[in-house]
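Everything on this sheet refers to the single structure shown next.
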Amino acid sequence: KSSARSQIHQRIPSLNNTNKMRENEELFAHLSLGQVFSRSINVFVDRFDVFMTLSAVVLVPAAIFGAVVGLTFGMEAIMIAKMHPEETEEEQAMDMIQFLVNHTFAVAAVFLINIIVSTLTTLVGEGAMVRASADTYAAQPQGWWTCAKLGFQHFCALWGAGCIVGGIIYGGMLFVGLLFVQAARSNSGFLAFLAFAGMITYGVALVYYISSVMLIFPVIIIENKGPMNAIRRSFEVSEGRRCYIFCAIFVLWVVKLIVAQLLHNIFNGDNPLAAILSPAGIIVSFIPDLIYLPLNSILKTVLYTSIRVDKEGLTQAVLQRELVEVESIYSPPNTDYRQVSLMDESKDTVANGLVSDFA
């Protein structure tokens with residue numbers, strides 16, 4: 001009996017190692033589109049506390065700011081309703097729109113500040129969530145604060161890449177818009193044809209471009225690339241997988257829009273201004289983003305990992321090494337002055353011993 005028990009105990013570590021190997025093989029495998037969503041949900045559930053904390057840190061301040069702004073303009077809407085009780089809801093809504101038009105500069109300034117602040121925090125938040133997702137793959141989970149610090153260390157690269165990508169996208173949109181404006185002013189059929197052709201061309205190019213740069217954040221966080229190198233690397237990784245990437249990102253985005261619309265219909269009814277003028281409407285509109293932001297970051301990391309596994313044979317050991325190398329670059333040197341003094345004392349002791357031997 002004792003020998004049988006010892007054999008069982010000897011087999012337990014080997015069985016555990018075998019299970020770990022199987023888990024790693026399943027984790028680092030090329031995934032189908034359905035498996036990508038399943039893996040993303042599993043990662044989200046596995047580190048739910050970390051992802052939701054990061055998402056709340058990023059979105060809650062923007063939600064509070066939006067609620068305060070909405071309350072300010074909502075009070076004006078109430079005043080309009082009291083001044084014109086005979087008007088219908090549609091007429092009162094038009095009066096509110098006219099009020100916003102009359103205060104265009106103030107409204108634009110407020111929303112511009114909100115966009116800038118939310119964009120900057122979202123960059124750091126997405127970087128932190130990509131890091132948390134990669135740590136899950138590497139079996140080296142870390143807390144939300146550590147992930148946030150590691151995400152912030154890449155802020156300049158994330159911001160630079162975002163500016164380049166956004167500049168190209170909005171630059172093309174502006175060019176197509178100017179073509180339509182010029183065609184409308186000149187009443188030229190040729191310019192109208194160019195405008196429509198430009199719009200179609202821009203749409204096709206936009207899908208191709210977005211699919212190519214969608215993996216920039218995982219590249220920056222995991223491989224520590226700069227903005228331009230990250231864009232080039234994202235094009236390289238996504239080569240031959242653009243449809244795979246676009247379909248996954250597009251499906252998640254559509255699901256988010258459907259959920260957001262359902263919540264709007266339930267809590268805001270038919271009022272189209274409730275989502276921006278009502279504090280409750282603003283908070284309700286942020287609920288889908290609270291889930292979508294971490295899922296979007298996780299999905300990008302899962303896609304990035306799946307493609308690298310298929311094209312480059314990425315393993316857990318390689319990913320662990322890359323994450324450690326990136327972290328070591330930004331970590332301060334570990335200088336222990338007590339060790340330095342001990343080293344000096346040991347050198348002096350050795351020197352004294354040599355002198356005494358020589359004497």
Subset of region 165-209 [surrounded by 16 or more Cβ atoms within 10 Å (Cβ to Cβ) and in contact (Cβ under 8 Å) with a residue 40 or more places away in the chain]
V165, I169, Y209
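Please go through region 201-216 and give me each residue that is part of a helix (DSSP H, G or I) and touching a helix residue (DSSP H, G or I) at 6+ places or on another chain (Cβ under 8 Å), ordered by number.
Passing the criteria: Y202, A205, L206, V207, Y208, Y209, I210, S211, S212, V213, I216.
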Please note which helices (runs of 4 or more DSSP H) are completely contained in region 269-341 and include at least 1 residues that are modelled with pLDDT of 80 or more.
279-312, 316-330
Taking region 228-258 on its own, how many of its residues are more than 20 Å from L33 (Cα to Cα) and crowded, with 19+ Cβ neighbours inside 10 Å?
2
Output the qualifying pairs, or none if there are none: Cβ atoms under 6 angstrom, residues six or more apart or on different chains, first residue in region 311-326 and of a type in the set (S, T, Y), second residue open to solvent by less than 60 Å² (accessible area, probe 1.4 Å) and not in a helix (DSSP H, G or I).
T315/F28
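Residue-by-condition table, conditions (1) surrounded by fewer than 16 Cβ atoms within 10 Å (Cβ to Cβ); (2) part of a helix (DSSP H, G or I):
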{"residue": "G125", "(1), (2)": "no, yes"}
{"residue": "A132", "(1), (2)": "no, yes"}
{"residue": "Q140", "(1), (2)": "yes, no"}
{"residue": "C147", "(1), (2)": "no, yes"}
{"residue": "G151", "(1), (2)": "no, yes"}
{"residue": "C156", "(1), (2)": "yes, yes"}
Residue by residue through region 167-196, note down the ones that are at pLDDT below 90 and among the small types (G, A, S).
G177, A183, A184, S186, S188, G189, A192, A195
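The values are calculated or read from the model by the stated rules, or taken from the named source; none is laboratory data. Predicted model only: the values in this text are computed from it and were never measured. Reconstructed Cβ throughout: ideal geometry from the backbone, glycine too, with neighbour counts over all protein chains shown. Areas reflect the complete protein model, heavy atoms only, side chains present, ligands, DNA and RNA absent. Shrake-Rupley method; radii C 1.70, N 1.55, O 1.52, S 1.80 Å.
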